[in-house]
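Before any comments, here is the structure.
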Amino acid sequence: MVVSGPSGGGKSTLLRQLAARTLATQILARLPADAADRPVVEANNILKGDLSPDAYRAQLARPEGALVHYDIVFIHSHGLRRYEDDPALAPLETAEAPCVIFVKPDADTLQRQFADRAAQHRRAKSAASRLWAKTVRLPLRRLAATLRGRRVPSTCALYREPHWLAATCYPLWEEYLRRLAQRRPQTRILVVTPAAAPDGKPGFRLEDDSVANSPPPTA
């Protein structure tokens, strides 16, 4: 089961609400019964170099299952051109019945949420950690990609490009999901958008009615 979407789009919030079982009933009804109890695996740590593909597969193979947290912007800031080239998605190609939640905010909502999250991260990190990322980790990553002939813009730079989200990122991810569904006919795709709950707190709304009318997955 994969929770996907752009950086700052609300994936972590959705996972927290899933764990607390406070997601909209319409969404919870479409998920495996044990989804809220599954541990979260950070799929993008593979491209970061913090997690090996073998260790990643071992986490997914645990008896209790796992929730995969997947940032769809990550391949663009790491020089990959296709989602099929990301080893984090390889397990979907052999899964019996993949379940993918696509958190899909509009551009204005995403910009606001991304800016808020970036500010929180900056406050949480030490000065040494920020300096290391700026002067060592990011330059090395970009150098490695440049040597491979790839462009590696930052997420901030991508979000500043007019219409990039709607014209490039979302269409590429949606096309990948269509190809996945063709290869794995039991694939379940739920498209949700951020929507304030009645109490004013962040919430989510299920947008894909065709998914809502199909039976829930068993795994």
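Derivation of every value follows stated rules applied to the coordinates shown; laboratory data play no part. Just so you know, these numbers come straight off a predicted model, no measurement behind them. In this analysis, Cβ positions are derived from the backbone assuming ideal geometry, glycine residues included, and neighbour counts consider all displayed protein chains.
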**Study point:** region 168-211: proportion of alpha-carbon pairs further apart than 17 angstrom, %
**Key:** 49
Practice item. Express in nm, to one decimal, how much length is gained between Asp199 and Asp85 on full extension, taking 0.36 nm for each residue of separation and deducting their alpha carbon distance. Key: 36.9 nm
Point to revise | Inter-probe distance in nm under a simple model that places probes 7 Å from Cα toward Cβ, at Ala107 and Ala29 | key: 3.5
Revision key, fill the gap. Expected sort for Thr193, Thr168, Thr25 with the fewest Cβ neighbours (10 Å cutoff) up front is Thr25, Thr168, Thr193
Check your understanding: What spacing in nm lies between the two simple spin-label points modelled at Ala61 and Thr22, each 7 Å away from Cα in the Cβ direction?
Key -> 3.7
Practice item. Taking 7 Å along the Cα-to-C-beta vector as the label spot, tell me the Lys48-Glu207 distance in nanometres, rounded to one decimal. Key: 2.7
